Amino acid sequence: MPKGDGMRQSAIQSVAIIGGGTAGWMTAAALAHKLAGLPISVTLVESEEIGTVGVGEATVPHIRHFNASLGFDEADFMARTNATFKLGIEFRNWGRIGDSYIHPFGAFGRDIDGVPFHHLWARLRRDGAAPAFDSFSLPVQAARMGRFAHPADDPASPFSTYSYAYQFDAGLYAAYLRAFAEARGTRRIEGKVVDTALDAQTGFIEAVTLDGGKRIAADLFIDCSGFRGLLIEQALKAGYQEWTHWLPCDRAIAVPCANAGPIAPLTRSTALDAGWAWRIPLRHRAGNGHVYSSAFIDDDRAEQAVLAQLEAPPLADSRRLRFTTGKRRRQWIGNCVAIGLSSGFLEPLESTSIHLIQLAITHLIELFPTTDWDPMDAAEFNRVMALEYERVRDFLILHYHATERDDTPFWTHCRTMEIPDSLAHKLALFRERGVVVNYREGMFLEPSWLAVYLGQRVIPRRGDPLAERGDSAELEARAVAMAADYRRAAERLPLHQSLLANVAAAA
């Protein structure tokens, strides 16, 4: 075990992952692949009795890079997980009841004479001559038409202006990853952890004991035990930073139903009286759910609300979940790293759960302590993950706070609540000058913020002075022509439903 000063001179030889599900098996698959050829064993402990949350069915484009890094064939992966393509997320009733906009995985419009397009659009809107902002997005147009194609490599092509993600069965994805990891040497052990032994000098984890008495020792422990945080919280007392004062939803109800009509290449989020409902179309069914605040609606009424949203009869009983939005104060302590729900939870409004798992895995591999235990590795991991959680948190709060709804106590609370200084700064800059705050690290870039700002009626009071140059009628004509170009390009794409059939046939 590590020396008393917390430093270890010999390389790590064993890794124990506590918990399966998406987080556990993504971690196991990545380590099995990245550590291939090194004398490091990987063991995963999970219990079929405990089960997993398993409702993180929608993703962001980063998942494609994770799959590609493991060498997955897209058609095979999609067939085995009943996956569909995803061009973005549609938000209904968020700014006002009756509103609808799409947050796409792609850019909006093209700069004209060096002026950012959203400043030109804001000028046209002030003049009362602006087409809908999302009409300048190819993926939005395609998603509304139920069309999809893989992006082009040619940067001059309009078909290079977007990316895409997947919607898949999380349980099938975990099974797919498990087969991959076990084929590369990962050992799975069935059992429940009932005790954790710590080194008296260093505080590092020495071993965990299972309910049958089996003792699992390892050099590095990865906590993928879900909300319980068996290692990071129950054993190591990481502490939890709660954010329910900004994100008041604390419960969810999930229920599957059959697909009704063609499968759309997008996820849907519909704002309800005290939260929102999701709809995620897979090849074999649609995932549905209701994220809500128990302070504003009771569980039975919340269940009735989501059942009323179903487009087809339910295929199973509803599942009820409880959570506390926030994150562990430290996600790497000693020789233990928390990944997935054990590290924190941010509601799935923007499909970030699997991305945060992927990000943690990436940074763990980058900082993997193969020669010694340098406290700087844990400190850097904790810094980067805290920053990412906070930036995702701000983006989620924006959806709730940037609303004009006052029809229920929940929305009045969200509209009038105090928000983090970091978000207040971003909002003030955009409202006053149309400036989108950019940063080097973080998954949500300028197009994402523009989609929500403008989709929920946060309109700049003034913008880039250069946008005021030239004749307004000429600018309007160019904008109308640009929107028509995107519409015609989208109409040339194949139907998403047909493409899915081709993918299934290829697999």
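The values are calculated or read from the model by the stated rules, or taken from the named source; none is laboratory data. Everything numeric in this text was worked out from a predicted model, so none of it was measured. Note that each Cβ is placed from the backbone with ideal geometry, even for glycine, and that neighbours are counted across all protein chains shown. What goes into the accessible areas is simple: the full protein's heavy atoms, side chains included, and nothing from ligands, DNA or RNA. Shrake-Rupley method; radii C 1.70, N 1.55, O 1.52, S 1.80 Å.
List the lysines whose Cα sits under 18 Å from the Cα of K214, skipping any in the same chain fewer than 8 residues away. Correct list for K214: K192. Applied to the range 238-244, the Karplus parametrisation 6.51 cos²θ - 1.76 cosθ + 1.60 on θ = phi - 60° returns per-residue 3J(HN,Hα) values of 5, x, 10, 9, 8, 10, 5 Hz, with x for Gly and Pro. Listed peptides 222-232, 389-399, 244-254 appear in the order 222-232, 389-399, 244-254 once ranked by packing, highest mean of other Cβ atoms within 10 Å at the front.
When a 1.4 Å probe is rolled over the protein heavy atoms, the share of accessible surface on the range 367-507 that falls to carbon and sulfur comes to 52 percent. In terms of its Cα atoms, the range 396-480 spans 45, 35, 20 Å along the principal axes, sorted from long to short. Element breakdown for the range 45-135 at a 1.4 angstrom probe: carbon and sulfur atoms account for 45% of the accessible area.
Sequence-ordered 3J(HN,Hα) estimates for the range 282-295 from the Karplus curve with 6.51, -1.76 and 1.60 and θ = phi - 60° stand at 9, 5, 9, 5, 10, x, 10, x, 9, 9, 8, 9, 5, 6 Hz, glycine and proline given as x. Once the gyration tensor of the Cα atoms in the range 225-296 is diagonalised, the equivalent ellipsoid follows with semi-axes of 31, 18, 9 Å, ordered largest first. Cross-link partners of K86 among lysines, defined as those whose alpha carbon lies under 22 angstrom from its own and excluding same-chain residues fewer than eight positions apart, are absent.
Note on the range 422-465: along the principal axes its Cα atoms extend 28, 20, 18 Å, ordered by decreasing extent. From largest to smallest, the equivalent ellipsoid semi-axes obtained for the range 94-225 from the alpha-carbon gyration tensor read 52, 20, 16 Å. At the listed q of 0.07, 0.10 Å⁻¹, the Debye profile of the chain, built from one uniform point per Cα, gives log10 I(q)/I(0) equal to -0.40, -0.82. Rounded to the nearest 20 debye, the dipole size of the chain about its Cα centre is 440 debye, using +1 on the Cβ of Lys and Arg and -1 on the Cβ of Asp and Glu.
Averaged per residue, the range 242-384 has 36 square angstrom of accessible surface, using a 1.4 angstrom probe with ligands and nucleic acids left out.
Under 19 Å of direct C-alpha separation, and excluding same-chain neighbours fewer than eight residues apart, K237 reaches these aspartates and glutamates: D195, D199, E206, D223. Once you have the Kirkwood Rh of the range 20-168 from its Cα pairs, apply Stokes-Einstein at 10 °C and 1.306 mPa s and quote D in µm²/s. For these conditions, the coefficient is 85 µm²/s.
Centroid-to-centroid, using Cα positions, the range 103-168 and the range 352-404 are 28 Å apart. Our summary gives the chain a relative contact order of 24 percent, counting only alpha carbon pairs under 8 angstrom and 6 or more residues apart.
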